[in-house]
Structure formats: structure tokens, C-alpha cells
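Notes follow the structure.
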Amino acid sequence: MAVKEFEKPELKEYSDVPLLEKKATAHLAPFKSKEEFQSSLGYPGELVDNWQDAALDKMGDLLKKYRSLRVYLDSCIQCGACTDKCHYYLGTKDPSNMPVGRQNLLRSVYRRYFTLPGKYFPKLVGAVDLTKEVLDDWYSYYHQCSQCRRCAVFCPMGIDTAEISMAAREIMDSVGVGQKYCNEIIGKVHKIGNNLGLPEPALADTLEGLEEDVKDETDIDVKYPLDQKDSDILLVTPSADFFAEPHVDGLIGYGKVFHQAGLSWTLSSHASEAANFGMFIGSYANMRKLAMRIREAALDLNVKRIVFGECGHAWRVAYSFLNTLAGPFDFLDPKYPVPQHICEVTYDLIQKNVLQFDKSANDDMVVTYHDSCNVARASNMGDVIGGQFTIPRDIIKATTNHFYDMDESTIKEKTFCCGGGGGLLTDDLMELRMKGALPRMEALKRVVDDYGVTHMAAICAICKSQFSKALGYYGFEIDQIISLHQLVGNALIMNKKEL
Amino acid sequence: MSLVTIIYGSLFYFATLILFAGIAYRIYEYATIPAPLKIPTPPAPKTKRGVAVRLFREVVFFESLFHSAKWTWLFGWLFHFALLLAFFRHLRYATDPVWFWVSWEIVQAAGHYAAYMMLLGLIGLLVRRIFVDRVRHISAPSDYLILILIIGIALSGLMMKWYPTDIFALKQFIIGLIYFSWSELPSDFMLLLHLGLVLLLMIIFPYSKLLHAPGLFFSPTRNQTDTARDSRHIADWARKLES
Ligand code: SF4
Ligand code: SF4
């Protein structure tokens, strides 16, 4: 689908905070999920008759299940410190995209029905009735949040708008208002095993093609095994890695690392998807169901370790939730954390001098690194605080000669979202995606101008797809976004094992 | 016993009950609602001690706010710190014999000047609320009223320098409330205003955003350790999904 006409934000030298424009993007709402997809996830197919009561019941239920939701709805002091921290506000100027503005859409209803002052003095405390208009606003604005948690880092109370967005989406799903993109994809994973609906034979074909490509390029038989029982490592990677650019170059890189290190590994057709969109829709049950595939595959293939490929939210679910959702993993090798990130594996191998690099292979690139929000703000790597920032950078520095970071206020825990996370990577939200990419594009432009940066590496499938669009939109080249393991694969010195 | 004394005395008991029972109940609620997933924000500590240090820095220095909004941090921190100093000064009315450190000149003087500091902070916050378009947009009437209420408390307290009351009698009244042997409250307008506003603040506390005080300690993004891979973190309701 072509990008619809909308005003293109200007890339400025230094980003400023815009004056607000009420309801600027109220019209932006993603397509709704159809009946069949709703019901396969256990939700009603369309807006139920008694939706107000049902929604309030669900809210009451979630308030008892999630401390975050309850504490965050109570504790906001409306101080405004978060108001200029969201990339969607900066890109759209819509005050409902200020994190607190977004929270208040749910908070005002919470106050009306669940607090004393809201029941008796609604006007005084900004409490409102749950009307159809409010529901429509929820649908628009809770699908204009990429759950990136930048606001949570800056809020003095630690209020995480992602928690509120997830709850709101779960409430909407439970009354029959779901988002097409997320719910269809979850349905596909349940049915076929991955987001793309790529069945096992097609996957096997793709991997075979990949082996041939790598053979042509290096003259070495690097294997990309599928469903190989008794391998040491199960690699779970986003399905975009199997065919999308630049994702596939990352997958090629992982294979080269495993090959060179002599590690036995396999992909699984049962768990051929690292992504877990259950998180985006705030559904613990769906998230757990998706996570269980990985446990099943690990048991079935009798592996010793689980390693995740480059995917931001998948790594959040893996690092922060997998053990809780699908553990205990006491059947795996206790010498390794469960699960591991491919960057941790590569980094350890570099530390042990198992991998050698010819950095000049990447001399055609001047590289910067985009911290994906879910890696940066919702997980970790290695066993030190901040490993999620240092490990990818150390790998880049080990494999290239030219690396420059973007502005401090836009990287690490302060990183700006690509604009397509949280289940928003869909064409029907293209305007939002392009506007939300603005702060990252501005930061990129600065290092391009100042240091001649030519490429931006990332370790997230969503970021890579989103930037492929956004870079072109803002006048860069779309192939300036690369996979981190593409750098690794390029520079890795390979010797023929069989010789 | 004057009517004023009876009204204020009863209100004192009522407000104290609401304040303490209300906050205790909220803490009970927060503590018993599970946090089913690990969601700490970076830099997330690995140990409980690390969490304690993190919360200490948040509570004492408003660290996150410092990184996000310098003016709000400055005014907010001035106000809260002044509140603490003023509280120390006021302990002389509620302790008998007065705790030794409360009677130190420095504590009493700091508590006095704190009133100015508090006003500066509060007015700064109010000005920001009115003039920054983003903050004005999110402000409900209650957000202004709470600021105005506390400004009223600070101002009326400060004014008592010029409209003094019988401090000895006031202390008798307070101590009398604590030990359940009431004595007369001096009925000076400025004092009654000051006390009345404080009582109102105590009553609304557990029903308003003032709950941010206990809330911060229960904020999962700030109070969790980063140990998700080491041990399972499963809530009772989530465990039920496993059977
Ligand atoms: S920074 Fe936190 S407390 Fe302040 S307005 Fe935003 S969400 Fe509320
Ligand atoms: S989580 Fe990210 S997208 Fe959502 S409100 Fe916060 S900053 Fe904006």
C-alpha cells in the first residue's frame, strides 16, 4: 500500500519540542481484526452488546492481576516530565501521544468507576464516563504507542505507559475490538508456527537456498539446519530473518559464527518464530501459549541450549519472561543462561579468541548503532548491568574500523523507538510510523553530517523493516540499515573445517 | 470546652484516622496485587541491596526527574525538601519533652526559612502548570487545587509570624489530643486556617495523586531486581494457567 498523503515532518538539526495540536492524529486507527481471528484467540468477534460493563469488569480484573496497572493509575502526579519524551508526540504533536496524555485516557475512566472522588466529583478530578467516543480514542491512541518504555525511564514514579497500553488492548480485545495486524499474526503462529505463515517445506527450501548462496560466496559449506535432533543449540529467530532484507544477512552471519566455532545447532519448524505478539496485545495467556512452542521444540529436539536471533521484543519476552512463562528449563545445560542472545554467544566467542576478524572487510561502511527499545529498556545481556548496551557495540568495534554513536540523549536507555514497534508495523499505520521515526532520523542525520556515517546497525527485525521504509521516506537510502550479524558475517575469517 | 476546640479536636482524630488507615489500606492493596512479570527499567540492579540504593536515590534526589525535566525537578525538590524541614520544626508541638534535636537552633531556623523555599517551589510548579502548554493540557482542576491548598498551608503558616498565637496553649491542645486529655485550642483566625487546611490535606491524601508517595515504592519498574533468567517469577493467578 502506498503511503497516503500527509504532511512530511522536517528533519531539523536539533530536535525541538513542538506546541501541541489537539486530535492531530485521532484519525489514525489500525484496521480492526475480523471475527475469525478474534475467536481463534479466545475473544468475541465484534463489539459485544454490554461492552461497557464487560470492559469495566475486565479493567477490575486486570487491576487485581497487575500491580503495575493499579499503582501507575494511582501514582501519576501529572507533573508533565514525560510529555516531551515520546517519539510519537514529537512526530505528531498530538497531546494524546504524550505518555501522560495516553495514560489519562484510561486513567480518567478508572477514576470515574474505581475511585471515590471520581464517583462523586468527576469534573474535579478529570474523570469521564466510558462512552463510545472514549472507546474510539482508546483504539486510536493505544495503537499509537509502541510500548517502547522511553517514558518509563524518565518518569519520577517509573510509570510505564506500555503497561497501560497493554492493559487497554487486552480490555478492548475482551469486548471484541481487536487489531487486525497483531491478532492475525498470532493466529498464524498458533496454526503454522511463524508470523509469516511459512510452512515447514517452504522453510526447508529457503534454508537450502541460503546454504547455496553462502557456498557461492565463501566456498564453504555453512549449514542452516532445520529440525536436527540432538543438536546442542536451538536457534529461535524472527521469521523475517528467513527472507527479508537486511534481516537475512543477519541469519547468514549467525550460521557463519556457529560454523566457525564448531557449534552444533538447529532451527525448529515448530518454533520457527521468535516474535511473540502476545506481549503487544497485553495477553499473558496468548504470550504464554506462544512461548510454550519454544519449550516444546527444545524438548522435542533434545537440545542443550536455547539461543535467540536478532529481535527486540522477542528478546524481551525471552530474557525477561520466558523462564516465568515456560520454565523451568532444568533440562538444559546449566552452564549457560536460558535463553541466550546471539550477541552473547558471539561476544563470548570473541572473548575466547575463537573468532578472528578482518575488519577491513567492512571498510566500505561507517557504522552507527540503533539501540532497539526492547533490548535497551526491557532486557539485558551478559551478566553485568548495561551489558545490553556494551555487548553489541563491542561486537561492532571488533568487526569494523569505523564506529560512531549517535547523540547521548538518543541512545542506550534513552534510545528513540524506530516508530514501528509494539504491533504497529503495519501499512495501515504508515503515517504514524513515518512521523514516529522522526527523532531517530534526526539523530541519524547528525552523525551522517558530522562523521560521514553510512550505515546503521540494529538487532531487531521490526526496527530493520521499519527503517527500510523510514530511511527512504526521509531521503536516506533504504539499504543503510543493516543487521549487526551482517557485519560479523562479512568480517569473520573462515577456514575450511574439512581441510 | 469551646465549640472550635470540639470541632478541631474531632476533625484531628478523623483526619488522622483517614490518613493512616487510608494509606495503610492502599499499601496493603499494592502489596497484595501480584506483579506477574519482571519489568525493571535500566540500569536495573541485580540485587535487593541495589534496589534499595536505587529507591533511596529516587526518593532523596528525584534522580529520574532530574534527568527528564530540570525545572520541575528544581521546584519539586525544593518543595519536598522544605516540607521535610518544616515537618521537623513542627515536631516541637507534638513531642513532650521536645526531642533534643528538634530544639536545636539550626533545625528551628531551617524549618522557618523552609516556608519561603516551599513557596518558591510551589509557585514554580504552579507557573509551569499554567504556562507550559503540554502541562496545562494534562492538568485537571484538582491538580491546581492541590497546589493552591499547599500554598495556602505554607502561606498561613508563614503569616503566623505576624499574627502570632499562644504557642503554649497550642501545644497543650496537641499533646492533649495525643494523650486523650483535651485542652482548649486558641481560636486565632490564622491558626485555625492553617490547621484547617492541613486537616483537609490529610483527608484527601489517600484518595488523590498524593498516593505517589507510597506508590513509588511499589513501582515494578523501579523496585524489581533484574534476575529474570535466574529464577521464575510467577504469580499465583498465572500458575493456574499451567495446570
Ligand atoms: S512523568 Fe510520570 S508522574 Fe509525571 S506526568 Fe508523566 S507519567 Fe505522570
Ligand atoms: S511507551 Fe513509548 S510509545 Fe508508548 S507512550 Fe511511552 S514513549 Fe510513547
Those residues of the range A:21-49 which are part of a loop (DSSP other than H, G, I, E, B), more than 30 Å from A:Leu90 (Cβ to Cβ) and among the hydroxyl-bearing types (Ser, Thr, Tyr), in sequence order: A:Tyr43
Failed item in (1) at pLDDT 95 or above; (2) of a type in the set (Ser, Thr, Tyr); (3) in a loop (DSSP other than H, G, I, E, B), with A:Tyr14 passing the rest: (1)
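With the range A:120-165 as the region, which helices (runs of 4 or more DSSP H) entirely inside it contain at least 2 residues that are over 20 Å from the mean Cα position of the chain (by Cα)? Working first, answer last.
Numbers: elements: A:122-125, A:132-141, A:150-154.
The helices (runs of 4 or more DSSP H) meeting that bar are A:122-125, A:132-141.
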Test result for B:Ser187, touching a residue at least 40 places away in the same chain (Cβ under 8 Å), more than 14 Å from every other protein chain (Cβ to nearest Cβ) and surrounded by fewer than 19 Cβ atoms within 10 Å (Cβ to Cβ): yes
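Taking the range B:120-139 as the search range and keeping residues that are of a type in the set (A, V, I, L, M) and touching a Leu at 6+ places or on another chain (Cβ under 7 Å), which one is farthest from ligand 1 (Cβ to nearest atom)? Explain how you work it out, then say what you get.
At the first step, the residues of the range B:120-139 found to be of a type in the set (A, V, I, L, M) are B:120, B:122-123, B:125-127, B:130, B:132, B:135, B:138.
Add one more test, that the residue is touching a Leu at 6+ places or on another chain (Cβ under 7 Å), and what stays is B:120, B:122, B:125-126.
Values: B:Leu120: 20, B:Leu122: 17, B:Leu125: 12, B:Leu126: 15 Å.
It comes out as B:Leu120.
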Residue within the range B:134-156 that is at pLDDT below 95 and polar (S, T, N, Q) present: no
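How many of the residues in the range A:83-104 are hydrophobic (A, V, I, L, M, F, W, C), within 13 Å of ligand 1 (Cβ to nearest atom) and either in a helix (DSSP H, G or I) or more than 7 Å from every other protein chain (Cβ to nearest Cβ) (or both)? First the steps, then the outcome.
Let us first name the residues in the range A:83-104 that are hydrophobic (A, V, I, L, M, F, W, C), namely A:86, A:90, A:98, A:100.
Add one more test, that the residue is within 13 Å of ligand 1 (Cβ to nearest atom), and what stays is A:86, A:98, A:100.
Checking the rest, the ones that are also either in a helix (DSSP H, G or I) or more than 7 Å from every other protein chain (Cβ to nearest Cβ) (or both) come to A:86, A:100.
Here the count works out to 2.
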Pairs, first among the hydroxyl-bearing types (Ser, Thr, Tyr) in the range A:90-111, second within 14 Å of ligand 1 (Cβ to nearest atom) and not in a helix (DSSP H, G or I), C-beta under 8 Å, six or more apart: A:Ser108/A:Gly126
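Test B:Phe88 against the criterion of being part of a helix (DSSP H, G or I), surrounded by 15 or more Cβ atoms within 10 Å (Cβ to Cβ) and within 16 Å of ligand 1 (Cβ to nearest atom), and give yes or no.
Working: part of a helix (DSSP H, G or I): yes; surrounded by 15 or more Cβ atoms within 10 Å (Cβ to Cβ): yes; within 16 Å of ligand 1 (Cβ to nearest atom): no.
Criteria not met by B:Phe88.
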Out of A:Leu116, A:Leu105, sole residue that is closer than 27 Å to A:Glu7 by Cβ, hydrophobic (A, V, I, L, M, F, W, C) and more than 10 Å from ligand 2 (Cβ to nearest atom): A:Leu105
Pick from the range A:166-206, criterion among the aliphatic types (A, V, I, L, M) and more than 24 Å from the chain's Cα centre (by Cα), ranking: nearest to ligand 2 (Cβ to nearest atom): A:Val175
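Please pick out the residue among A:Pro156, A:Pro117 that is within 21 Å of B:Tyr30 (Cβ to Cβ), facing chain B (nearest Cβ under 7 Å) and more than 15 Å from ligand 1 (Cβ to nearest atom).
Values: A:Pro156 fails: more than 15 Å from ligand 1 (Cβ to nearest atom).
Every option except A:Pro117 fails the conditions.
Restricting to the range B:161-175, what's the tally of residues that are closer than 20 Å to B:Leu3 by Cβ and touching a residue at least 40 places away in the same chain (Cβ under 8 Å)? So that I can check it myself, show each step before the final result.
Looking only at the range B:161-175, we keep the residues that are closer than 20 Å to B:Leu3 by Cβ, and these are B:165-166, B:169-170, B:172-174.
Filter once more, keeping what is touching a residue at least 40 places away in the same chain (Cβ under 8 Å): B:170, B:173-174.
The qualifying residues number 3.
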Pair list, Cβ < 9 Å and 6+ apart or interchain, from the range B:210-222 residues that are closer than 16 Å to B:Gly76 by Cβ and more than 7 Å from every other protein chain (Cβ to nearest Cβ) to residues that are buried (at least 22 other Cβ atoms within 10 Å of the Cβ) and at pLDDT 95 or above: B:Leu210/A:Ile77; B:Ala213/A:Ser75
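Look through A:Glu21, A:Glu46, A:Glu36, A:Glu10 and report the one residue that is touching a Pro at 6+ places or on another chain (Cβ under 9 Å) and either at negative phi or touching a residue at least 24 places away in the same chain (Cβ under 8 Å) (or both). Break it down stepwise before answering.
Numbers: A:Glu46 fails: touching a Pro at 6+ places or on another chain (Cβ under 9 Å); A:Glu36 fails: touching a Pro at 6+ places or on another chain (Cβ under 9 Å); A:Glu10 fails: touching a Pro at 6+ places or on another chain (Cβ under 9 Å).
Answer to the check: A:Glu21.
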Set A:Val153, A:Val134, A:Val125: member being surrounded by fewer than 20 Cβ atoms within 10 Å (Cβ to Cβ) and either of a type in the set (A, V, I, L, M) or assigned by TED's automatic domain parsing to the domain that holds A:Leu424 (or both): A:Val134
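Might you check whether a residue that is in a helix (DSSP H, G or I), under 19 Å from A:Cys373 (Cβ atoms) and touching a strand residue (DSSP E or B) at 6+ places or on another chain (Cβ under 7 Å) occurs anywhere in the range A:235-249?
Keep residues of the range A:235-249 that are in a helix (DSSP H, G or I), which gives A:239-242, A:247-249.
Add one more test, that the residue is under 19 Å from A:Cys373 (Cβ atoms), and what stays is A:240, A:247.
Remaining after also requiring touching a strand residue (DSSP E or B) at 6+ places or on another chain (Cβ under 7 Å): A:247.
The answer is yes, given that some residue of the range A:235-249 is in a helix (DSSP H, G or I), under 19 Å from A:Cys373 (Cβ atoms) and touching a strand residue (DSSP E or B) at 6+ places or on another chain (Cβ under 7 Å).
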Number of the exception - A:Ala162 against (1) closer than 30 Å to A:Glu296 by Cβ; (2) more than 14 Å from chain B (Cβ to nearest Cβ); (3) within 16 Å of ligand 1 (Cβ to nearest atom): (2)
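Would you call A:Tyr66 within 16 Å of ligand 1 (Cβ to nearest atom) and either buried (at least 23 other Cβ atoms within 10 Å of the Cβ) or of a type in the set (A, V, I, L, M, F, W, C) (or both)? Break it down into steps so the answer makes sense when it comes.
Working: within 16 Å of ligand 1 (Cβ to nearest atom): no; either buried (at least 23 other Cβ atoms within 10 Å of the Cβ) or of a type in the set (A, V, I, L, M, F, W, C) (or both): yes.
Here the answer is no, as A:Tyr66 does not meet what is asked.
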Which numbered condition A:Leu424 fails, given (1) of a type outside the set (Val, Ile, Thr); (2) free of Cβ contacts under 8 Å to residues at least 24 places away in the same chain; (3) not in a helix (DSSP H, G or I): (2)
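Take residues that are within 21 Å of B:Ile150 (Cβ to Cβ) and tell me which of the helices (runs of 4 or more DSSP H) falling wholly in the range B:182-238 contain 1 or more. Show your work before the answer.
Values: elements: B:189-204, B:212-217, B:220-223.
Passing ranges, in order: B:189-204, B:212-217.
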Those residues of the range B:63-72 which are more than 8 Å from chain A (Cβ to nearest Cβ) and under 18 Å from B:Leu216 (Cα atoms), in sequence order: B:Glu63, B:Phe66
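The values are calculated or read from the model by the stated rules, or taken from the named source; none is laboratory data. Here the structure is a predicted model, which means the values were calculated and not measured. A quick note on method: Cβ atoms are made from the backbone with ideal geometry, for glycine too, and the neighbour counts reach across all protein chains shown.
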